[in-house]
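Some notes on the structure that comes next.
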Amino acid sequence: MDSSTATSLWDELVGTQTDPDLWVVIGSLVAAVAVVVPHGLWRIARNAITIAHEGGHGLVALVTGRQLTGIRLHSDTSGLTVSRGKPYGLGMILTASAGYTAPPLLGLGGAALLGAGRITLLLWLATALLLAMLVMIRNAYGALTVVLTGGTFVVVSWLAGPQVQAAFAYAVVWFLLIGGVRPAFELQAKRSRGGAGDSDADQLSRLTHVPAGLWLFLFHAVSLCSLIGGGRWLLDA
């Protein structure tokens, strides 16, 4: 790769792209809703939310000084992130609280990038995060899921035209924002039936002696506020 090509790629990465037409933004919103609301499609698409959920646990574990030993993604859309360190304290609390908050916060960050016209930067950052996560995956299904997801980003980033890239980027961010709301309600429903006794909210309750219901309220607050704020950025872009 010569210097002019490298410079061109860098300029494309850090530069801004033209905002898509409003119909593209609305169409991507409708597509995200159509995937999140029906149970059948959500059952498949929820794998992407699980990637973000477990990735959030893993990233915060590293940031807080814990040793990340592995991530597993399962075909039932559950996941497991294992890290070593003190089984108590701020680092453990932040790590446990990062799962349900990661997808909507990633969506909020993505909305900020799209609102600033950074479509290419968003696609490349997402690809980089997926590649970094792949290193820590410890089961075949998880590796396949991350490879397929990352491969989609690579194909769109390199082969698709600007309008398709924009539509894809907006659809992904809408999906994270809207799809990030549903898991907390699913957890609430499971807990009301006496299930999910080892959920993130219950683990946090044991760590902090704060009722699990309050942690669940935090998950709701983060996801709904992210949806409102991120949605405004996307629609105003």
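The values are calculated or read from the model by the stated rules, or taken from the named source; none is laboratory data. Bear in mind that the values here come from a model prediction, so they are computed numbers and not experimental data. All Cβ positions, even for glycine, are placed from backbone atoms using ideal geometry, and neighbour counts span all protein chains on display. Accessible surface areas use protein heavy atoms only, side chains included; no ligands, DNA or RNA. Shrake-Rupley method; radii C 1.70, N 1.55, O 1.52, S 1.80 Å.
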Which peptide among 106-119, 66-79 comes first, and what is the full order, when sorted by highest mean count of other Cβ atoms within 10 Å? 106-119, 66-79
Using a 1.4 Å probe and counting only protein heavy atoms, arrange Val222, Val37 so the residue with the most accessible area comes first. Val37, Val222
Keeping the other protein chains in place, figure out the carbon and sulfur percent of the accessible area of region 142-237, with a 1.4 Å probe. 69
Vicinal HN-Hα couplings computed from phi for region 190-200 (Karplus, 6.51 cos²θ - 1.76 cosθ + 1.60; Hz; Gly/Pro x): 4, 5, 5, 8, x, x, 6, x, 10, 5, 4
Work out the FRET efficiency for Gln163 and Arg138 from their Cβ-Cβ distance, taking R0 = 30 Å, and round it to the nearest 0.05. 0.20
Provide the per residue accessible area, probe 1.4 Å, for region 185-230, rounded to a whole number of square angstrom. 55
What distance in nm separates the two pseudo spin-label positions at Phe185 and Asp198, each 7 Å out from Cα along the beta-carbon direction? 2.8
Which whole-angstrom value gives the distance between the alpha carbon centres of region 96-136 and region 182-224? 23
Would you grab the residues whose amide H sits under 5 Å from the one on Thr69? Only those 5+ places off in sequence or on another chain, please, with H modelled 1.01 Å from N. Val82, Ser83, Arg84
Kindly report the accessible area of region 41-101 per residue (heavy atoms of protein chains, probe 1.4 Å, no ligands, DNA or RNA), in Å². 47
If you average the sequence gap of Cα pairs under 8 Å that are 6 or more apart and divide by the length of the chain, what percent do you get for the contact order? 28
